[in-house]
Structures are given as structure tokens and as C-alpha cells.
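Q: Dropping the structure in here first, questions after.
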């Protein structure tokens, strides 16, 4: 899974959120490494919607201070599964790498 | 400026418009809103440069996202699976292919690289210097809290004011955590028997807090040391510490001798210390030991301060207004009528004011050149893309995926952009060196100015974006899925883009006109100033300045005696025909001094130009004597005090009668002398001489008094400069050098220049501006000509067959050529009109830089039009002629 998408899903795991808040959250989550410029941000969000991993929440009230027209996105159960699969895959990768690195140290 | 947000919004809207419909409908509004918000936030929090960078990133992101989305949609819809077993392999083969195909069209390749590297390089060089000088973070902590306070005496803010007022501000304001003043200081130090000049500052107790600098070693001056006649203490600059004390930690307590005075070293400044208010780097700081004295109104000092924590600029301004009212109430006698109080400006405002205008104009010029370069490259790439569409269509028909085709097409553009950026880096290096070498004044911290990496990345990024965008037009029909059409249309490619390329020519011509007009105005200014009648004749005159005197001349009499030895020695030499010693060279800033006309207590002024000269001066420079006489052998120390005034002075104070025999009291101001030693009584006017532009060539002569050098009061005596006239400048210069060495062999450094050079150097700023802008305008013109040539050459190559037929049917060649040229000139002429209107609108920017030319000078506009039109005709005529030379038979079989 692409890094941008992974971080967006991860950010949504906390509950529904809107575009520019996701942008800030991803930047924090990635310790400043991943910066989603506006078109990439909304493009990725819509891409995730078309995959069925996110859905729109049209009825949600926008929070105080956000631009009135911002829409809320929400993680679907498919999205959660995909996120969990990806996380397990990364754990597996990391485990294998650790294992090999430790082994190489012994030999 | 209203224009910037407008252009920005337009760009955002066009970028969003490139997104595929689906995404644009769902999120276009949000993308636009968030982009604006981010740029606005960056502008507010981190300044205009960062905001421009953020805007660029957002726009680039939008455009690439659009490409990506389209690609994704195509790939998803494509029947061919996107199989690409070895991506590295294909990339390498694409690069190989791109290199080969670029090598096959060396003229195209060279043109693109030349244009782009000049654009990138020139832009980077100028911008690096601009950033280095004025936009680099200031060397102070919290520089935005560092402020200047000026006094407004009715004619706008004056940088300095009497020390008593600064002291008043210190006592009666609360908005500043520190308020301080300083003055320049200079002297000589001895190193291995030679005497070198050093420059430093005199600074009062609050200075270090106002600047906000820590010390590397030791301490600041104690109240004792800051008091008049206190112990002499010095704080060394880091370089001085390293150079003269070998960086020893135990330097504190040792002595540092400046001009016969011994100072105890009490502290050392950090290497990072810099004080850009003075033009050169300083070597040391000594105490500005002043006693605030209401009577001391003649000497002015700058006031600097640091806003206290929590104090805003507005609060500080209100505070200053209160302090002013209090001052007026307390000291009504010191306040003259038009005086308006104190003004506050941040350091940055001050700093940018001095350098600002011309650097911004240069940046505008350079951005214009970059735009023209990018337009050219876009045009060249589009023409090439059109030619390649058939090849691309063939590849697609043979089963290449769209991703492969885009990669294949873009490899070439990216390759070109990278090579150009590398070449641009070289150009930028030379450019920075050249600029620093050409600069008319020593730029502060010049040694630390290099090619700015961020700037290079920025300009190269634009070049890359241009390359990618326009290079990829070859793949557009593929992405649109219009393969069959393309294969049918054959080499003719799609006719699309011709109109776009013509509008590029229009824009380029307009931009060139603007630059050419600017350059024309500045060159006209330079021309006018060189032709201005200065009133003196510098030919065959050589000037000598002694920057540092050896010890032993603190007594003015000793210095006067040394000067007399030098002039006597020169007079005795056969190769020297005229000699004069002067307090200040022509076009060198002289002294300003108050003056009162004897017997007319109301006829006084605060600052007349004061120059001390020896008798030969007026004759040597051929300054006309209008009335009376100039100085003679009798006007020596102890003789009757005499003065010669200039025409303006005579006309102002004696409009109806002759000034001869009248008295002036030099140094007397509001009934009192500035210093006791000036109180020599009235000086009798013995002559009136013609006006001379001896401050700057731009200004009319000011009211000036000349006094005999030998009668100069001790308070005003400095070591004079020397002028000598002889048939050959080299010989005269050598004579000056010899006589100064004879008079005191310890004199080491000398500055000897023909007076012609002094006059030329006084136009250094004007020459720098004009040369630079002319260089940009020439570059713009050449690039535009390139562009026109490229478009016409391409257009006629598309019409080879048609032209061949017409020629074969007996059309006259001249007619055909004329047709092509007229066609090609249409966008140029439209651009010319647009550019002329734009430069008339922009001319107010250069209003105060030009001299003797109206900003809308019709001659300049006409000349520029003529130049542009003739160059463009040449650029259209050459390819038109080439195509009519082609043999009709081969033209017909050109397919």
C-alpha cells in the first residue's frame, strides 16, 4: 500500500475527520515526513472512497473554525481490514528483518 | 500590490481546471480553498518567499496529480495489462534513446540548454545576491524587535538626532528594553612598523542590549568607562582578537593601541556579530562617552532600540508621541517650528529602504528573462513534440502502454532540464562573482555571499516544470485516445499549438519591450549625467588621498606643516603644472557647517557646504571667478580671515548688491558658535566663483563657502587631499607618491587616482544599474529573437510543400517571403503595443532613478520599438528566405 494512503487510513482510525485536519494529522503522525499538498490530499481521499475504504459522512456538522464546506470522511470496515492487513504485513516484514539482522550478527 | 493575489488566484483556478472532471467535481472547491489557506498562512507566518515556494509546490502538486489521475483512469480501463518486468532496464534504455535522439538534433539541444542555463543561471545569481544582502535573516536575535528611532524636523525622518534627545527618550519611555546610540570611529594601529587603518564604533551603555548580542569573552563597559574622561576600554571584534592577539584566552586586560591612545581590552565580540548599519566590518568598539547636554544641538547621533517584551510597535509609537509632548513642554527653546517628533521604523524597513528599489527592479527583470526563456523552451519543445507524435502513435499502436509512453516522452525533457540546471549552476557562479565585482559599493558581508542553493532549486524547478509540461504534449493525443487520427495525419502532426506559440511570441515581445525601455531610460540617465557640465575640468588632474597618517600629527599645525612640505615639493617639480591641497575632493562629501551673515542675525542657515582649499585650486580646475579674487599668498594663518563664496550663495544672501567686503561667521548658529575655536569673528568675502557640482553630478550646486586651507580653525582641520595637474597622469601620480613619501617615509597606504576616475566612480551606481539592466534587456531581446526564429522556422517547415507549389507555379520569391514575414510580425507588433503600455504604467518605478529623461521619454520608446521591430524582421526573414531557397522539386517530395 502506498505510504500516503496508509497514513490517511491510519489517521482516520481515530474517528471521522475532514480534509485539512487529516493533512495536519498525517504530518504529525509521520513526524513531518509526509506532507500532503492539497490536490494529493483530496485526490487520495477520493481514491480511497472509490476503493470503498473510506466513505463520506454528509450529515456530520463541521467543527468550529473549519471552512464551512469541508466534508467529513469515515473509515469503512473494509478500510479497517485493509489497514490491519497492511499493518500485519509490515510487522511480518519487520520481524523477518530483525531476525535476519540478529542472525547475521551471530555468524 | 493588487496584482499578486489576482495572478495567484488565476493560477490556482487554471491548475484546478487541469484535474480530471471526476475529481474536480468532487473536491475542486476544497482543493482551491485549502491551497489559498495554506499560502495565506505561509505569507502571514513565514514571509513572501516561503509563500511563493508553498504556492509553487501546491500548483505543481495539483498539475501532477491531474496527470496521475488521468493515467490511473487509463490504466484501469486499458485492456493491456500494465506489464513491465524490468522498470530500471526500460528507464535506462529510454535514457539511452533520449541521448541519441538529442544528439541527432544538436541545434535543438544546444538551443534549449543555452536558453535554460542562461535563464536559470542569471536568475540564481541575482537572487542569491539579493537574498545575501537584504533577505538573509538578520544577524541579531529577534531582529524584528530591533528598531530605529528617527527625528522628524519637518522634512521627513532624519536618521540621527542630538544626544540629549536620545537621553530624554531613554528616561521617558517604557516600551524599550534598551535604547542606545553609536558613532563611527576610525584610527590607525601599528603592526610591524607599518601603520594600518582600522574602523570601529563608539557605542553607549545600552548598545549591546539593543543589538541583542552576547559577548564571546569578558564584559561590556562599566558606567565608569562609559563616562566622559573615564578609563579607556575596548571590546574587540572576533577577527581583531584572532588576528592581533592570536585568539589568546588571556587577552582580557592587555592593551590595544588605536591612534596613540591605549585601551584596555575588557571583552571580545562573538564571530557572529555584525552591525550592518556601517558599511564595513568593524574591528573594535570603544565607549561613546557623552554627557547629555541640552546645549549640544549641533552633533547628531542615530538612536537604536529594542522593543521590550510585550510591547508592540503601536504601543512604542504612542510612547514616543508622549515622550515628544513632554520634550516640547520641557524644552520649548530647543524645538524649531516645523519639527514633528519621533518616528519608529524596524531595522528591516531601514535596511531595505536603502538598497530596496533597484534590487527589486533587478529581480523583476531577471524573472522576466526567466519567463521569456521558459516560453522559448516551451515553444521549442512543443514544436518537437508535434514532430514526434507520429513516432509516439506508432509505439502506442505497437502495444506500448500509456505509462511507458509518458515515461519515454518525459525522459528527454527531464534530461534536458537536468543538463541545463548543471550549466545554469556554472553561469550562476560566474554571475555572483561578476556582480560582487561590479557592485559600486562594498556590499555588507559580501564574502559570505555564494550561490544560494534554495534559489537554484527554485529556478531549476520552474525549468523542469516547463520542460515536463510542454515536453509531454507529445503524449497528449495518446492520453486522449486519438491514435488513429494521428497516424493518418502523418508527419504534419496536429496543427494545434501554433496559435499558442504565437501568443508566446506576443508575451515575449511585450516583456522585452518593458526591459528595453527600462534599460533605455537608465542608459539615457547615465548618458545625461556624463554629459552634465560639472563646472570644473578634471582633465590631466590627479588626486591623492592618505587614508592613514603615522603618529605625531595629532596637532593640526604639524599636519598643516606636512601638507605644506608636500605642496612645496610638488611645485618645484617641472612635470607638475598646478598643485592644490584641499579638505575634500570634488564629488567627495564635504563638511556641512552652520553659518550666519555678519550684521544680519536673521540671515543664517544650519548647513552650507564648506571646503578648504589652497590658492591654486580654482585655477587648476578652471572654475570661473565671477567677482573679486580668489586666494593669494597673503591669505595665510595669522592674516585677515577671508572667504570665497559661490554664485548660489551670493545670489541667495546678496540678491541686490555685491557680496564683496561683507562678512560671514562660519560655525555660528542661532547667535552662538558651535565650538570656541571657530569663533574667529567675521570672515570677509573677497570673491565669488562659479557654481560647481561638487557633491554629486545629479544635484545643482549647494551654497558653498571656500576658505584658505592655512586659515582653517583647528576644530575643522583634517589632513588634506592633494590635487596635481600635469601633462601625463602616470607621471603626475608618481610625483605625488614621491613627494608624500619624502615628506614622511612612514606613510604607507596611498590612494592616487586621476580626477577623471573620481568623476567616473561617482556614477558607479548609475553605471551598475544601467549595465545590469541593459544586459538583461539584451538577453531578453536575443531570447525573443530566438523564439520568433524558432516559431517561424517551424511554421514554414510545415508549409514547405505549399510554398514549393506556389514557387513552382511562378510566385515571386520576394512576395512569398514578405507574406511569411508579415504573418510572423503580427504577434510581435501586438506585443510591442502591449509592452509599451505596460512600461508606461511601470515607469513610475524608475522615476527617482532616472535623471534628465522623462520616465515616458518618447525617444526611448521609439528607439526601443525600432530595435525590436528590426530584430524581429531579421528573425522572421532568415527562415522565410531559407525555405524559398529550397528546390521546388525536393519541396514537393518533402513528405
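Read-outs throughout are calculated quantities, based only on the coordinates presented, and are distinct from any laboratory measurement. None of the values given here were measured: they were computed from a predicted structure. Quick reminder, even Gly has a Cβ in these numbers, built from the backbone with ideal geometry, and neighbours come from all protein chains shown.
Q: Please state the shape class of region B:157-339: rounded when a/c is under 1.5, otherwise prolate if a/b exceeds b/c and oblate if not, all from the C-alpha gyration tensor.
A: Judged from the Cα gyration tensor, region B:157-339 comes out prolate (a/c at least 1.5, a/b above b/c).
Q: Further question on the same structure: Largest first and to the nearest Å, give the Cα extent of the protein assembly as shown along each principal axis.
A: 109, 81, 63
Q: Output the direction-averaged projected area (hull surface divided by four) of the convex hull of the alpha-carbon atoms of region B:1-77, in nm². Spell out each step's value before the answer.
A: Details: hull surface 20.3 nm².
Mean orientational projected area (region B:1-77, Cα hull): 5.1 nm².
Q: Let me ask you something else. Can you give the Kirkwood hydrodynamic radius of region B:694-763 from its Cα pairs, in Å with one decimal?
A: Working: mean 1/r = 0.0672 Å⁻¹.
Answer for region B:694-763: a Kirkwood hydrodynamic radius of 14.9 Å.
Q: Can I ask one more? Computed over the Cα atoms of chain B, what is the convex hull's projected area averaged over all directions, in nm²?
A: Values: hull surface 192.5 nm².
Over all viewing directions, chain B projects a mean Cα-hull area of 48.1 nm².
Q: Quick one, can you get me the convex hull of the C-alpha atoms of region B:634-674 expressed as volume per residue in Å³? Mind showing how you got there, number by number?
A: Details: hull volume 4.4 nm³, N = 41.
Expressed per residue, the convex hull around the Cα atoms of region B:634-674 is 107 Å³.
Q: Across peptide B:832-843, what mean number of C-beta atoms from other chains lies inside 10 Å of a residue's C-beta?
A: On the way: counts 0, 0, 0, 0, 0, 0, 0, 0, 0, 0, 0, 0.
For peptide B:832-843, the averaged partner shielding equals 0.
Q: Tell me, what is the percent relative contact order of chain B, built from C-alpha pairs under 8 Å that lie six or more residues apart?
A: On the way: 1431 pairs, mean separation 130.3, N = 895.
Here the relative contact order equals 15 percent.
Q: Taking chain A as a Gaussian network, Cα atoms linked when under 10 Å apart, which of A:96, A:21, A:13 shows the biggest mean-square fluctuation?
A: Among A:96, A:21, A:13, the largest mean-square fluctuation in the Gaussian network model of chain A belongs to A:96.
Q: For chain B, find the longest principal axis of its Cα atoms and tell me its angle to the long axis of helix B:813-842, 0 to 90°, nearest 10.
A: Around 40 degrees separate the two axes.
Q: Calculate, axis by axis, the spread of Cα positions in region B:554-689 along the three principal axes, and write the results as whole Å, longest axis first.
A: So the extents along the principal axes, rounded to whole Å, are 49, 36, 29.
Q: Using alpha-carbon pairs under 8 Å, 6+ residues apart, how would you state the relative contact order of region A:3-106 in percent?
A: Once normalised by length, the contact order is 29 percent.
Q: If neighbour count is taken as other Cβ atoms inside 10 Å, put B:732, B:545 in order from fewest to most. Present the calculation step by step, with values, prior to reporting the outcome.
A: Working: B:732 27, B:545 17.
Lowest count first: B:545, B:732.
Q: Can you sort B:534, B:379, B:503 so the residue with the fewest Cβ neighbours within 10 Å comes first? Spell out each step's value before the answer.
A: Values: B:534 20, B:379 24, B:503 14.
The order, fewest Cβ neighbours first, is B:503, B:534, B:379.
Q: Determine one quarter of the surface area of the Cα convex hull of region A:3-106, which equals its mean projected area, and express it in nm² to one decimal. Mind dumping the intermediate values first?
A: Details: hull surface 30.8 nm².
So the mean shadow area of the Cα hull is 7.7 nm².
Q: Please quote Rg/Rh for region B:734-844 to two decimal places, taking the Kirkwood radius as Rh and restricting both calculations to Cα atoms. The partial results should precede the final answer.
A: Values: Rg = 28.6 Å, Rh = 20.1 Å.
Radius of gyration relative to Kirkwood radius: 1.42.
Q: Enter the angle in degrees (range 0 to 90, nearest 10) between the Cα long axis of helix B:556-571 and the first principal axis of the Cα atoms of chain B, meaning the one along which they spread out most.
A: Helix B:556-571 sits roughly 70 degrees off the main axis of chain B.
Q: Now, a different point. To test your reading of the geometry: what angle, between 0 and 90 degrees and rounded to tens, separates the Cα axis of helix B:347-397 from the longest principal axis of chain B?
A: So the helix axis and the longest Cα principal axis differ by about 10 degrees.
Q: Using mean Cβ contacts within 10 Å as the protection proxy, how do B:169-182, B:786-799 order, highest first? The partial results should precede the final answer.
A: Working: B:169-182: 20.2, B:786-799: 21.9.
Going from most to least packed, we get B:786-799, B:169-182.
Q: Still on this structure: Please state the relative contact order of region B:541-757 as a whole percent: Cα pairs under 8 Å, 6+ residues apart?
A: Details: 431 pairs, mean separation 80.9, N = 217.
Across region B:541-757, relative contact order equals 37 percent.
Q: Taking a temperature of 20 °C and a viscosity of 1.002 mPa s, what whole-number D in µm²/s does Stokes-Einstein yield for region B:523-608 with Rh from Kirkwood over alpha carbon pairs?
A: Details: Rh = 17.1 Å.
Roughly 125 µm²/s, to the nearest whole number.
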